[in-house]
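Beneath this line is the structure, given in structure tokens, with notes to follow.
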Amino acid sequence: MSAWLRTPVGMASAATLALLLLLPAILPELMPQNQARFWLANIFGRAIIYGIIAMSLIFLATYGGLVSLAQMSLAGVAGYVVAITIDGAAPSIVGGLSYATAIPLGIAAATLAALFVGLVSVRTRDIYLLMITLALAMGFFRFVETNLAWFNGYEGIRNVLGPSVFGLPFRDPHVLYYVSLTVAVLLYAGVLYLVRSPFGLVLQGIRDNPRRVAALGYNVALHRIAAFGVAGFIAGCGGVLATIYNIGISPGSIGLGATVNVLIMSVIGGLGHPIGAFIGSLIFAFFDTFAASIYDRNRFNTLIGIVFLVIVLLSPDGVIGLAKRVGALMRRD
Amino acid sequence: MTQTPAIELKNVGRRFGALQAVRDVTFDVAMGERRAVLGPNGAGKTTLFNTICGDFPPTAGTIKLFGEDISHLPAHTRARRGIGRTYQQSLLFDGLSVLDNIFVAVRGVKLNRFSFLVPGRSDAHLAHARDVAERVRLTHLLDVNVGDLSHGQRRQLEVGMALAAEPKLLMLDEPAAGLSPVERPELLRLLQNLPRDLTIVLIEHDMDVALPFADLVTVMKDGEVVVSDTPGRIQNDPVVHEIYLGHGGRKH
């Protein structure tokens, strides 16, 4: 660990983490108090939460070679389970559960749903995998949108306020920020650990050469399904946070737009390392929020489209790829 | 009583649509035997290999491994029964280091192969992976990304990965393919130093490699076995000369 901290990557990671931890203290020095609170929750907090969902996509894509478009839906499964089961949601569908029970239940449901997605798509790759996961995502979206009894249809479920943390409401920007940051750091460290484990190495083997993996004695299908399960767990954690952040969930938050946004975040950040998820998500949150001041609120899609094109044209492997190339150039000089 | 053969092929066939790639192949390989399979391009050697290793099942006939019918078992189960193999074109994990490639190969047949726990420095499988790397002379490249290896080093790793799980039957598909005259003898030395009790089936184009190595040679053409005999007799067999050497015209 101490040796890792002396490497350039280790130092950069420690510095970034320190900066993120101190951010709630730094922001008020740079801007008025109310703006600082907005930035903390609606730019950085949101970027971290959606970054977690994007990281579940990047985990599968980078280490398994599996690009899944079902990740936003899996986040939605967790969000809906929490919204359906907790006390105080509007409308109350099942209710009766505390957050301490509903949140693990939601994450478990997302993990199980992801194992199902993995099972259904286990024999597909590339474009076919993309299509089958998109079909599952859109199927779930339509089901939720039209089902009134369980999902309250188009309206969705509101008033999911989140648990209180050390006596403070979850909605407090500091609480939202620090809880999201803690969850993100734990999941990020977990992903970096997992990819060095035998499971992670075999998964990367499947990405490079599934035939060889089978010839060595591994059950390729089992590893792929398990990888989906892990990604579902990550997406589920992000989904619970996103639902609380949005004070509820509706079909719009798991529709085609939301599904594609997760992919756009991942590609902007870079499908090559889990950190790309958070970089992409931060850039996305920034443009989404300030599209109105930069150009026109209604032109957000045009704006993010241009950002997407510029980054992909400059660097097909996203901001991370760009950073790597700049780093290599600087070392050469 | 005769000993159970390592592999028994009985009327094995493999068809791809209208193409009969392998037809009615019947032969045994005894325990500890070294068998070479020769034949011109398109003779069905690699298809036969893939059928034995489980990349796809045979469309006809039965394959027995150590007396057990494995004809319809998936590739990973056959590997756990003791088959290790190399590929004509190296199939490696380019995104992983040399050590991680061998480590993955070591663990594939172990009971705890599915694990979420990162191994410690003193992990027995990791130590075994280092030993394998030394056997195939890649110790100095343990941390190098496999995508950065030379062709020769990739071939050495290919053999290393097949040996890593300590198979009882080793299937080598043209291990010396594409090697330079400098690299070739090194690989041959490596193969010749393999334990004598290991059963080996070798596909090879090059007679100079195959004949000194093999106890028995099987020659294939158009998906069928033409003849199986000792290397000495194969070398002087007029039929073999006609179908194999005659057209190749370069090996004696």
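No value in this document is a laboratory result; all are computed from the given coordinates. Everything numeric in this text was worked out from a predicted model, so none of it was measured. Note that each Cβ is placed from the backbone with ideal geometry, even for glycine, and that neighbours are counted across all protein chains shown.
Sort B:183-189, B:207-213 by packing, meaning the average of other beta carbons within 10 Å per residue, with the highest value first.
Most protected by this proxy first, the peptides run B:207-213, B:183-189.
If you take the beta carbon distance between B:Arg137 and A:Arg331 as r and set R0 to 45 Å, what does 1/(1 + (r/R0)^6) give as a FRET efficiency, to the nearest 0.05?
That gives a FRET efficiency of 0.90.
Is any residue of segment A:175-210 close enough, with backbone N under 18 Å, to a label point placed 7 angstrom from the Cα of A:Leu21 along the Cα-Cβ axis, and if so, which?
A:175-190
Work out, step by step, the length gained on full extension between A:Asn42 and A:Leu192: first 0.36 nm times the residue separation, then minus their alpha carbon distance; give nm to one decimal.
Between A:Asn42 and A:Leu192, full extension yields an extra 51.3 nm.
For a test of the definition: using alpha carbon positions, the gyration tensor, and the 1.5 limit on a/c, classify segment B:93-166 as rounded, prolate or oblate. Mind dumping the intermediate values first?
Values: a/c = 1.74, a/b = 1.59, b/c = 1.09.
Prolate.
Can you compute the modelled spin-label distance between B:Phe116 and A:Asp126, with each label point 7 Å from Cα toward Cβ, in nm?
Going by the 7 Å Cα→Cβ label model, 3.2 nm.
Sticking with the crude label model, points 7 Å out along Cα→Cβ, report the distance from B:Gln89 to B:Phe56 in nm, one decimal please.
If labels sit at B:Gln89 and B:Phe56, their model points lie 1.6 nm apart.
For segment A:168-178, take each phi angle, set θ = phi - 60°, evaluate the Karplus expression 6.51 cos²θ - 1.76 cosθ + 1.60, and give the result in whole Hz per residue in order, putting x for glycine and proline.
Residue by residue, segment A:168-178 yields 9, x, 4, 5, 4, x, 5, 5, 4, 5, 5 Hz.
Taking N as the number of residues in the protein assembly as shown, what is its alpha-carbon radius of gyration divided by 2.2 N^0.38 Å?
Computed over Cα atoms of the protein assembly as shown, the ratio equals 1.17.
Provide a whole-number value for the mean count of partner chain Cβ atoms within 10 Å of the Cβ atoms in peptide B:78-88.
3
Once amide H atoms are placed 1.01 Å from N in the peptide plane, what residues at a sequence separation of 5 or more from B:Ser71, or on another chain, have their amide H within under 5 Å of its amide H?
Here the answer is B:Ile63, since their amide H atoms fall under 5 Å of that of B:Ser71.
Among B:Arg15, B:Arg107, B:Arg137, whose mean-square fluctuation peaks in a Gaussian network model of chain B (Cα, cutoff 10 Å)?
The residue that fluctuates most here is B:Arg15.
Within the protein assembly as shown, count lysine pairs with alpha carbon atoms under 29 angstrom apart where the residues are 8 or more positions apart or belong to different chains.
Close lysine pairs under the 29 Å cut-off: 14.
Using amide H atoms built 1.01 Å from N in the peptide plane, name the residues 5+ places from A:Tyr295, or on other chains, whose amide H lies under 5 Å from its own.
Under 5 Å from the amide H of A:Tyr295 lies no amide H from a residue far enough along the sequence or on another chain.
Work out Dmax and Rg for segment A:64-120 from the C-alpha atoms and quote the Rg first, both in angstrom.
In Å, with Rg to one decimal and Dmax whole: 12.9, 41.
Convert each backbone phi in segment A:79-87 into a coupling constant with the Karplus relation 6.51 cos²θ - 1.76 cosθ + 1.60 (shift: θ = phi - 60°), then list the ³J(HN,Hα) values in order as whole Hz, x for Gly and Pro.
Result, rounded to whole Hz: x, 5, 4, 4, 4, 6, 9, 6, 6.
Give me the log10 of I(q) over I(0) for chain B at q = 0.08, 0.14, 0.18 Å⁻¹, as the Debye formula computes it from C-alpha points; what are the numbers?
-0.32, -0.96, -1.46
How would you rank A:217-228, A:319-330, A:9-20, B:59-70, highest first, on the average number of other Cβ atoms within 10 Å across their residues? Spell out each step's value before the answer.
Values: A:217-228: 22.5, A:319-330: 14.2, A:9-20: 12.7, B:59-70: 16.2.
Answer by packing, highest mean first, reads A:217-228, B:59-70, A:319-330, A:9-20.
Using only Cα atoms, tell me the angle between helix B:124-135 and the longest principal axis of chain B; keep it within 0 to 90° and round to the nearest 10.
50 degrees
Evaluate peptide A:219-230: per residue, the Cβ atoms of other protein chains within 10 Å of its Cβ; return the mean as an integer.
2
Decide, for chain A, between rounded, prolate and oblate: order the square roots of the alpha carbon gyration tensor eigenvalues as a ≥ b ≥ c, take rounded if a/c falls under 1.5, and otherwise choose prolate if a/b is larger than b/c, else oblate. Before the final figure, lay out the partial values.
Values: a/c = 1.45, a/b = 1.06, b/c = 1.36.
Since a/c stays below 1.5, the shape of chain A is classed as rounded.
Go ahead and run the numbers for FRET between B:Asp222 and B:Phe27, Cβ-Cβ distance against an R0 of 25 Å, rounding to 0.05.
Numbers: r = 16 Å, r/R0 = 0.65.
Between B:Asp222 and B:Phe27 the formula returns 0.95.
Under the definition of partner shielding as Cβ atoms of other protein chains within 10 Å of a residue Cβ, what is the mean value for peptide B:107-119?
For this peptide, the per-residue mean of nearby foreign Cβ atoms is 6.
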